[in-house]
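The next block holds one structure in the form of C-alpha cells; read it before the comments.
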Amino acid sequence: MLHKLDRNITNHRKILLISALVFSLFCAALLLISLYLNGWNFIYVIDDPYIHMAIAKNFVTSGSWAVNGQVFTSATSSPLWTLLISLSYFITGVNTVDPLVLNFVFSILSLAAAVHILKYFKAGKYIYYVIIVFIFSSPLPALVFTGMEHTAQIWLSLLFVFYASLYATGKNESAALLISLVIISMLLTALRYEDLFLVFSASVFFAARKKFLPAALIMIAGVIPPVLYGIISVDSGSMFLPSSILVKSRVGELSAIEILKIPYRALKRMLEPDIIFLLPPMVLVIYRNYKLRLKELDTKQVMAAIFILTYLLHMCFAQTGWFFRYEAYLVSMGIIILWVNIYPAYLKGANKENNFSAIKSRSPVFSRIILAAVILSVCGRAVSSFLVPQSSNNIYNQHFQMAAFVNTLPAGTTIAANDIGMLNFYTHNKIVDLWGLADNDAAAYKLNGNYTTSAIENITRQKGVELAIIYTDWFSQYGGVSNDWQMLGSWKMTRLNIVCGNERVSFYSLNKDLAPQYKTLLDKFSASLPASVLYTGY
C-alpha cells in the first residue's frame, strides 16, 4: 500500500514537471518571437501593467503611490499586485521583467494547485489532457505576457475553493485550515476586487451548512482589504473605490432601468463563445451526481456549488474578455471542478478501454456537452496565446513609440492622453489621464454624467496641458475634443491590431505658439517609426 502511494505521488510530480516544461517551452517561444518583432525590446501585450509598474516605481523611489509621481492615484483595483511589484523593485531595482517573472512563478504554482486537486480526487490517467486544457484555456501563456495579477488570482482561487469545500463538508475542520482560508480570503480581495464574489459564495455555503463562525470570519477577512484601501484612498483625496473600477463599470449609471438590464448583460456574457461551456455541464454534473448519491453534497459537489454562485455573480456585476483575463479564474476553476466531478461518475469504467466510450454509452447527451466544452475551451481560448507576439508588437508600434516620442519633448511638457501606462513608466513628464483612470477630475465628470467637450477643455486648461496624444474617436461620444486644438499628425498601424484601442493615434497641440516646435519634433521622430506604422502630418 505504501509503495503504491509513493508511486502515485511520484507520478503526480512527474505530471507537474512535464506540464511545467511544456508551459515553459511554449512561453519561451512566444518571448523569442515577440522580442524579434519588437527590435529586441520586451513589451507586454497590453498597456495596463505599466500603470502598476509606474505606481510601483514611484512608490519605491519616492514613497508616492501615484502613476505620475505627484498625487496619490487610486488607479489600480489590485493593490496587492502593485505592492508585489514594488517589493520586487526594492530588491532588483526598477525594470520591465519583474511582472513577467512573477507571472511565471504564479503560473507554476497554479499548475501545482491544479495537479494537487486532481491527485486528491484520484482523477485518473487522463490528467495530462486535463492539464493541457487547463494551461491553454485559462490561458496561462497569454496571462503571463499581460504582466497583470490574473495568474496569482488563479492560484489563490483554486486553493480557496478546494480548502473551502474540504472545510464545508467536514473532511478537514482544523483550525489551521480555517486560518488558511481567512488569509487566502484577504489575499484574494487585495488582489482583485471581484474575488469578493468567490469569498461571498463560500461564506453563503458555510452559513447554509450552519458553520456561521467560519462564514463570518472569511467574509470579514475578504472585506478588510477593499475597505482599508478605500479609507486610505479617501484620506489621500481620492475616491473610496479605485477609479479603474468606477470608470470602467456602470456604477455611476445605476438607475432602475440599468439595474433591470443586469440579467440581460449577464446572459449575454454567459453566451460568449469562449465561456459558454462553463455553466451547463457544471449544473448537469452537480444535479446528476446528487441524484446518484441521494445524500449530502460531497466535496466535489460543494466546489461546483461555490463555483456556480461565483460565476453568476461575476456575470452580473463584472467584466469578461479583454485578452481573456477577467474571467480567467472562473475558467481555470471550472475546468478542474468539472473534471473531478465528471471522472468518478462517467470515466472510471473507461479506464480499461483507454477511451471515452464509457461516457458515450452512459450518457450520449452528456458526452456531446463535454466534447463541445473541450473544443470551445481549447480552440476558443487557446488562440489568445498564439496572439501574444502580434499583440506585443501592437503595443510596441504604438504605446512604446509614444513614450519614446514624449522623451524627445522639452522637459516639463504636460501631456494629455487616454492610455497612460507606458507614458508614465518610461517618461518623467506630467501625464493627464483624460479617460479618468488616473485623474480624479476626469473620473468625477464621467461619474456625474457631465463629461463633455467643455469638461475636457476645463481639465486640460487647469492642468496646463500643452500636447494631447489620444484616440480621437474615443471622445466622439462626449462631443469630441475642442476645435481650438491644432492637429499635428497621426500614426496608423498597418498590421493587424489586436489590443490597441484604435489603430490610429493622433497628436494635438493645445498651445498655438508651441505648435510649430511640436510639429518639427513629431516629423523628425516619425521618420524613425517602424515600417508598419504610417505617419500622416497636418
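Using only alpha-carbon positions, what ratio does the radius of gyration of the range 42-142 give when scaled by 2.2 N^0.38 Å?
Working: Rg = 17.3 Å, N = 101, 2.2 N^0.38 = 12.7 Å.
Normalised Rg, Cα atoms only: 1.36.
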Original post:
Using Cα atoms only, what is the angle between the long axis of helix 79-92 and the major principal axis of the chain, expressed in degrees (0 to 90) to the nearest 10?
Top reply: 70 degrees
Original post:
Taking θ as phi - 60°, what are the ³J(HN,Hα) couplings along the range 137-143 by the Karplus curve (6.51, -1.76, 1.60), each to the nearest whole Hz, with x for Gly and Pro?
Top reply: 8, 4, x, 4, x, 5, 5
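Of 116, 52, how do they rank once you tally other Cβ atoms within 10 Å and put the fewest first? Please list the in-between numbers first.
Numbers: 116 14, 52 26.
Ascending Cβ contact count within 10 Å gives the list 116, 52.
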Subject >> Reachable aspartates and glutamates from residue 211, criterion Cα separation under 12 angstrom, eight or more residues apart if same chain >> reply: 173
Original post:
Which angle between 0 and 90 degrees, to the nearest 10, do you get for helix 364-386 versus the longest principal axis of the chain when only C-alpha atoms count?
Top reply: 30 degrees
**OP:** Under 15 Å from the Cβ of residue 182, count the other residues' Cβ atoms, weight Lys and Arg +1, Asp and Glu -1, and hand me the total.
**Re:** -1
Original post:
How large is log10 I(q)/I(0) at q = 0.07, 0.13 Å⁻¹ when the Debye formula is applied to the Cα atoms of the chain, each weighted equally and without solvent?
Top reply: -0.43, -1.33
Original post:
Over the chain, what is the mean sequence separation of C-alpha contacts under 8 Å (at least six apart), divided by residue count, expressed as relative contact order in percent?
Top reply: 18 percent
Original post:
Among 17, 230, 127, whose Cα lies farthest out toward the positive end of the dipole of the chain, if unit charges sit on the beta carbon of Lys, Arg (+1) and Asp, Glu (-1)?
Top reply: 127
Original post:
Rounded to the nearest 20 Debye, what is the dipole magnitude of the chain about its Cα centre when Lys and Arg each give +1 and Asp and Glu each give -1 at the C-beta?
Top reply: 2480 debye
Original post:
For residue 538, what charge total do you get from the other residues with a beta carbon under 11 Å from its beta carbon, if Lys and Arg give +1 and Asp and Glu give -1?
Top reply: 0
Subject >> Likely footprinting exposure, 198, 158, 31, fewest C-beta neighbours within 10 Å first >> reply: 31, 158, 198
**OP:** For residue 326, enumerate residues with amide H under 5 Å from its amide H, sequence gap 5+ or separate chain, H modeled in the peptide plane.
**Re:** 321
Original post:
What fraction of the DSSP beta bridges in the chain is antiparallel, stated in percent and rounded to the nearest 5?
Top reply: 70 percent
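Pairs to check: 248/512; 14/122; 122/210; 248/524; 171/268; 57/463. Give those whose C-alpha atoms are more than 27 Å from each other in this structure. Could the numbers behind the result be given before it?
On the way: 248/512 33 Å; 14/122 15 Å; 122/210 29 Å; 248/524 36 Å; 171/268 38 Å; 57/463 23 Å.
Table pairs above 27 Å Cα-Cα are 248/512; 122/210; 248/524; 171/268.
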Subject >> Dipole of the range 452-538 [Lys/Arg +1, Asp/Glu -1 at C-beta], most positive-end residue of 498, 458, 468 >> reply: 498
Original post:
Whole-Hz Karplus ³J(HN,Hα) for the range 298-309, in order, using 6.51 cos²θ - 1.76 cosθ + 1.60 and θ = phi - 60°, x for Gly and Pro?
Top reply: 8, 4, 4, 6, 5, 4, 5, 5, 4, 4, 4, 5
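The numbers here are math on the coordinates, done by the rules we state, and not lab data. Note that this is a predicted model, so its numbers are computed, not measured. Neighbour counts run over all protein chains shown; Cβ positions are idealised from the backbone, glycine included.
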